[in-house]
Amino acid sequence: MTARVDQQRSRQRGIALPMALWVAMGLALLAAGIATTAERAINRQIGADQIAVARALLETGLSHGVMLAVHPDPARRLPANGTPLTVTEPEGTLTLRLWDEAGRLDLNRTPSARLLAVAGALLPAADLSALTQALQRRRQTGEPWHSVLELGSALSPDGFARLYPCLTVHGPAMADGKLRLSAMAPGLRARWPGLAGLRDTDAASLAALGLMQGGPPSSLFTLRVAARTPDGALATAEAVVWITIQGTQAFRILEWREPAPEIRLMEEAS
């Protein structure tokens, strides 16, 4: 009888030991999982905090860009030709790029033939066909383009990135702006003779292109801002800024694009 009891106890101990080891292993894995989850949550929170810092820096970049666009000292003025400028802030680094909107073709005001002539120098055949159809639909329905970004649904990503720097929808806001072609690369005019000598052409020809002449230098710019924190978080935005300097309002933001769309500049697209 005693031997049978001892045998049962031995068998129970034999079962209990693996069970205890299994439970201990399960608890260890659970603890490790909780620790990993907590670490990932902390890292996500840190990442979110850094992105928030980078996004907050975008407003600082906007202020810098507006002030530098109209700086009274030409040597310190931010060129309106896309040349990048780096500004260091305690929270991170800003990269500013400025373009003059007056050098762009207005999607609503420029005749389709002119738009397609420029696009033909930049786009592959499939994108050119898609652009033709998109322009025809808008002109037939009378619906205006409210943002150049609307073209993104009609063109391929590469095609849109090529054509985007040439276009605007803010032509009426440039009525007092002086014509500039700084937004276009010289190579584009070489590939399309219709743009040659445009600086010296008459008002009628400019109107046919949807461009303006006369008055002071343009006060309508596209400002592109990239903000990067020391930890590598990146935020980008692009603003179409109308510098009015009227009363207490120094400028108006006509469009805010965040994140900034991908672009290919003319030198890269040629």
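Read-outs: derived from the displayed coordinates by stated rules, not from any lab. What you see is a predicted model; the values in this text were computed from it and never measured. Methodologically, a virtual Cβ is constructed for each residue, glycine included, from the backbone with ideal geometry; neighbour enumeration extends over all protein chains shown.
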With θ taken as phi - 60° and the coefficients 6.51, -1.76 and 1.60, list the Karplus ³J(HN,Hα) couplings across region 139-150 in order, rounded to whole Hz; mark glycine and proline as x. 5, 5, 7, x, 7, x, 7, 9, 7, 5, 4, 4
Using amide H atoms built 1.01 Å from N in the peptide plane, name the residues 5+ places from Thr168, or on other chains, whose amide H lies under 5 Å from its own. Leu105, Asp106, Leu107
Rg followed by Dmax, in Å, when region 61-158 is reduced to its Cα trace: 17.9, 52
Computed about the Cα centre, the charge dipole of region 69-132 from +1 Lys/Arg and -1 Asp/Glu charges at the Cβ has a magnitude in debye, to the nearest 20, of 240 debye
Local net charge near Thr60, Cβ-Cβ under 10 Å (Lys/Arg +1, Asp/Glu -1): -3
If r is the Cβ-Cβ distance from Glu150 to Asp49 and R0 is 30 Å, what FRET efficiency results, to the nearest 0.05? 0.35
Thr132 to Ile253: extension gain in nm, 0.36 nm per residue of separation minus the Cα-Cα distance? 40.6 nm
Counting only other residues whose beta carbon sits under 14 Å from that of Leu96, what net charge do I get with K and R as +1, D and E as -1? +2
Local charge sum around Glu258 (other residues, Cβ-Cβ under 9 Å, Lys/Arg +1, Asp/Glu -1)? +1
If I model a spin label at Asp158 and Thr60 as a point 7 Å from the Cα along the Cα→Cβ vector, what separation in nanometres do I get? 3.8 nm
